Structures are given as C-alpha cells and as structure tokens.
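The values are calculated or read from the model by the stated rules, or taken from the named source; none is laboratory data. Note that this is a predicted model, so its numbers are computed, not measured. With ideal geometry, Cβ positions are generated from the backbone for all residues, glycine too; neighbour counts draw on all protein chains shown.
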Amino acid sequence: MRGPRLAAVVAAALILVACAGPDVEPPSAATPPPIDEAAPPGTSTTWGVPAGIEGWELTTFDSDGIHQLRHTDLGCQVTYHQNLGAAAAAAQGFDPTATLDVFGDQLAQRVPVQEILGDVPPLLIPVTVGDEPAEFVRRVFRYRAEDGTAYSTDVAAQWFDDVELMINVSCAADQEAEARPHIAELLELSSVVGHD
C-alpha cells in the first residue's frame, strides 16, 4: 500500500521551494484518515485539465492522480490532485476543510508558514454535467523558502462521494500579481468531469 498521499501533494506544492523534508508521519487521532489512493481511470468524478494553453507547460500528466502545469515565464505551478478515500473520512465526520488542515500541517513541518488566509471566497470550478459550478473550500498559505524567497500557495479542495479533488496554485510572492490573470484563465478552462 502506498504511503500517505499527502506526501506527494506537499512535494508537488513545494517543487518551487525545493525543500526536502522527513517522511510524512501517520495522522493522529485528531486528523482524518489518509486519502492515499490515486483515483484510477474511469472514476466517476475526475479533473478536466486544460491542455495546449499558451504560456502553460504540462509537466506532469496523470501520475498517481496528479496533473501539473507550469507557467513558462513566471514559474507558477498549478497542480491538480485526484484521490480516493473521501467517503471514509466523511463517515468519521470530516469534510473537505480537513484536506486543507492536513495540507497546512504538513507544509508547516517543512517551511515556516508565516500567514494562513482562511477567510477567502470559495473557488468555483465548472462542471461538465449540470448548470451549477462545483464549490471548493480554499485556504492561502504564505511562507518563505530556506533561501528567503517568499511564496504563496492557494489550496482548494472538494469531495465527491469517495473522490477527493484538490488543486493548489504556487507562486513566488513577487510574481503573484502578474500571474493572477494567467491563473484565472487556466482555472476557467478547468472542469470537474462526471459530477452532477
């Protein structure tokens, strides 16, 4: 069985930072069970990841449920995660904010998180079935790498039956304003496939 999926999630979010950290510890009783199985092809709910968008390079395609794009000029990364196990976490009383809690805890083990913005509007992602967009809970983490460079990672998550979809956008803080319209365009072209 694979180790906690969050190790891959945090590693993907921190590629810009190039931080190496210890293996992820098993969750405590206060954290949800790990959502640690990449959702296989044919899963009812998946990401619709845009391709061929000017300025974006697809660096990872469907590797253990991860798709990643990197902006060729600004270096910002958008990483789509798709995992199984949300139903077990929901059965224990957790909701998608638990995904953000665990992400933040693991990030704080690797870099000093300076600010967490939790009062941010949800991320709305179009769905391929139905009229209403899917609403993802969000949190923004601001931190510094070992070299002193400031970064921002905006993380959003939602659960669909047993599938966890998460997206994180990581940018150097000094690139964030310039990257915003490019990221908005990419997110508008993203979709949740197969959920109604």
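Pull up segment 179-191, narrow it to residues that are part of a helix (DSSP H, G or I) and in contact (Cβ under 8 Å) with a residue 60 or more places away in the chain, then point me to the one that is farthest from Glu57 (Cα to Cα). Once the filter is applied, the top-ranked residue is Glu188.
Residues checked against (1) out of contact with any helix residue (DSSP H, G or I) (no Cβ under 9 Å at 6 or more places or on another chain); (2) modelled with pLDDT under 95; (3) not hydrophobic (A, V, I, L, M, F, W, C):
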site	(1), (2), (3)
Gly104	yes, yes, yes
Pro112	yes, yes, yes
Leu123	no, no, no
Glu135	yes, no, yes
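With respect to Val169, determine if the residue is under 26 Å from Ser44 (Cα atoms) and either charged (D, E, K, R) or outside any helix (DSSP H, G or I) (or both). Yes; evaluated as a whole, the condition is true for this residue.
Selection of first residues in segment 107-129 that are crowded, with 17+ Cβ neighbours inside 10 Å and of second residues that are among the aromatic types (Phe, Trp, Tyr) and modelled with pLDDT of 90 or more, restricted to Cβ pairs under 6 Å at least 6 apart or on distinct chains, gives the following pairs, ordered by first then second residue: Leu107/Phe141; Val111/Tyr143; Leu123/Phe136. I'm trying to understand the selection: among the residues of segment 139-161, which are out of contact with any helix residue (DSSP H, G or I) (no Cβ under 9 Å at 6 or more places or on another chain) and not in a strand (DSSP E or B)? Scanning segment 139-161 gives Ala145, Glu146, Asp147, Gly148. State whether the residues of segment 81-95 include one that is under 30 Å from Ile53 (Cα atoms), buried (at least 21 other Cβ atoms within 10 Å of the Cβ), of a type in the set (S, T, N, Q) and in contact (Cβ under 8 Å) with a residue 24 or more places away in the chain. Yes: segment 81-95 contains one or more residues that are under 30 Å from Ile53 (Cα atoms), buried (at least 21 other Cβ atoms within 10 Å of the Cβ), of a type in the set (S, T, N, Q) and in contact (Cβ under 8 Å) with a residue 24 or more places away in the chain. In segment 20-71, the residue that is modelled with the highest pLDDT out of those that are surrounded by 14 or more Cβ atoms within 10 Å (Cβ to Cβ) and at positive phi is Gly55. Residues in segment 165-189 that are within 15 Å of Pro122 (Cα to Cα) and either of a type outside the set (A, V, I, L, M, F, W, C) or in contact with a helix residue (DSSP H, G or I) (Cβ under 7 Å, 6 or more places away or on another chain) (or both): Met166, Asn168, Val169, Glu188.
Can you go through Glu135, Glu164, Glu176 and tell me which one is charged (D, E, K, R), buried (at least 18 other Cβ atoms within 10 Å of the Cβ), part of a strand (DSSP E or B) and on the phi < 0 side of the Ramachandran plot? Glu164 is the lone residue from the list that is charged (D, E, K, R), buried (at least 18 other Cβ atoms within 10 Å of the Cβ), part of a strand (DSSP E or B) and on the phi < 0 side of the Ramachandran plot.
Among the residues in segment 87-108, are any in a strand (DSSP E or B) and of a type outside the set (Gly, Ala, Ser)? Within segment 87-108 (the criterion being in a strand (DSSP E or B) and of a type outside the set (Gly, Ala, Ser)), the answer is no, since none of the residues qualifies. The set of residues from segment 114-132 being over 17 Å from the mean Cα position of the chain (by Cα) and either outside any loop (DSSP other than H, G, I, E, B) or farther than 24 Å from Val192 by Cα (or both) comprises Gln114, Glu115, Val127.
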